[in-house]
Amino acid sequence: MSATTTQTSQKVNDEAFGERLSNGRLKSEYYEPIPPDHFLPKPGDQILDIGIIGSGIAGLAAAIGLIQSGHNVELYERSGFSNEIGAAINMCPNATRVLSFFQFNFERPKPTTAEEMRFIDGSTLEMRRRMIAPDFRKIYGAPYLLYHRADLHTELKKTATKPRPRLSKVAKINLLSEVTKLDLDGHITLSDGRQIKKDLIVVADGVRSKFAADVVGSEENIKALPSGTMCYRFLVPTQKLLDDPQTRHLYNTERFTMQIAAIDGERLVWYPCRSGDVQNFGFFVKDSIVGFEDEAWNIPTTKEAFMKAVGGLHPDLQAVCEKADDLKLWRLCSRTKPIPRLTRGRVVLIGDAAHPMLPHQGQGGGMAIEDGAALGVLLSNLRSKEQITNRLQLFHDLRIKRVSAMVIFSSVGQDEHTKISDLARPHVDGPLPTNPQQYHDFNFTPNVIRDAMEILDKHRTSGRL
């Protein structure tokens, strides 16, 4: 390997380590923990019966947030199991801050941290750039964690369906319960013909949402279309890689490391999960899938096709790819532009149903978890069901710019900001981020729980609620 060019991560602004955050708020005040039972009903408050369509990460986050405001929550899951598919997932500080509020058990799902990032040439293994990760907890008040997606989902399900300290209410998950029809007044119809009336319906049925158009009022821009990129995804036990002399040198490091090997517009990305025992891989290439227009996650593929696709990588990286057993093909899909509204009547959109995004910011799961927390706070301490639509409008007002900006930012790499600056400008009140540190500040600084609490207090004080 040629001489290594080592760069530490971009120097973090001294102010970020101090008391003042990039949004001008005092860190000690803005990140002061809020007790998980803070939003429980007071005497005379209205308890809602809420239905959630979908029990993925977004649906479970909404269930947890709404339970913490004392509401009765049922989830309707069309599958016979409620485990999340996929590989690994980023939980950035803006999301882990919410998980702390949710009393989430961080250790049981065996997280890892990305302590270092390496950018290497995919054909020669030459080190192009090396970044030591900053202390995210010190800067943003919460850690940056990496989870196996199924482990994260399992723990969210436990959090939603098991009593917690000071919070005895739990959600009910109805499996094999596909919702076939939705009315904006809160009525849903299941595939077996049953009709159910709820005070509020939360649509969290994912990127292929059947009901997003009902809220937006048009089919235009609702369908998620192929982005032109597909990704081969697989997991490999770390020990299996360390046992092979040809691949050992790629993993024998002192830090948990995220690595990106690029070659001719293609990228092999990998990082650890499950306490470092497993490596999560994604090989991003030009989309060559024929058919499967209505599928995004589980598109059939073969080991032979995959090994042909990685033929340009360095032999040591090909040896890594040869160890892929449970190979999955993922078509990256997105909408042509963000949707203009998140709620209509007694229905609200969250997660991928509202804002599907590409993985370049690692914020798809984070935005879903923020949605759940915001919804719980903004629907707390209702005095009448007549207030529901006003509270949902507050949710729209709080979330629409942030999730729209994140959809646009996620469509390109952080070094390609000039491609999307004009699109993003209407959705960002301050300066647009143009480098990794500025993206970190934009992505990680917000405390959605406090933001929601403050906008609710403001409207109560003004007499508008």
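FYI, it's all coordinate maths here, none of it is from the lab. Not measured: the values here are computed from a predicted model. Positions of Cβ are backbone-derived with ideal geometry, glycine not excepted, and every protein chain shown enters the neighbour counts.
General observations
- Relative contact order of the chain, taken over Cα pairs closer than 8 Å and 6 or more residues apart, is 21 percent.
- Anchor K42: lysines whose Cα lies under 22 Å away (excluding residues fewer than 8 positions away in-chain): K169, K198, K385, K458
- Among the listed pairs K303/K419; K138/K337; K110/K210; K27/K157; K172/K210; K162/K328, those beyond 24 Å (Cα-Cα): K303/K419; K138/K337; K110/K210; K27/K157; K162/K328
- Rounded to 5, the percent of DSSP beta bridges in the chain classed as antiparallel: 70 percent
- Surrounding net charge for L342, when Lys and Arg each add one and Asp and Glu each subtract one, Cβ distance under 14 Å: +3
- For the stretch 65-80 versus the stretch 126-173, the gap between their alpha-carbon centres in whole angstrom: 19 Å
- q = 0.11, 0.19 Å⁻¹: log10 I(q)/I(0) that the Debye formula gives for the stretch 35-171, counting C-alpha atoms only: -0.50, -1.11
- Span-like helix ranges in the chain, DSSP H, alpha carbon extent 20 angstrom or more, Kyte mean at least -1.0: 364-378, 388-409
- Listed residues Q414, M357, S288: farthest to the positive end of the dipole of the chain (Cβ charges): M357
- Its residues counted as N, the chain yields a C-alpha radius of gyration over 2.2 N^0.38 Å of 0.98.
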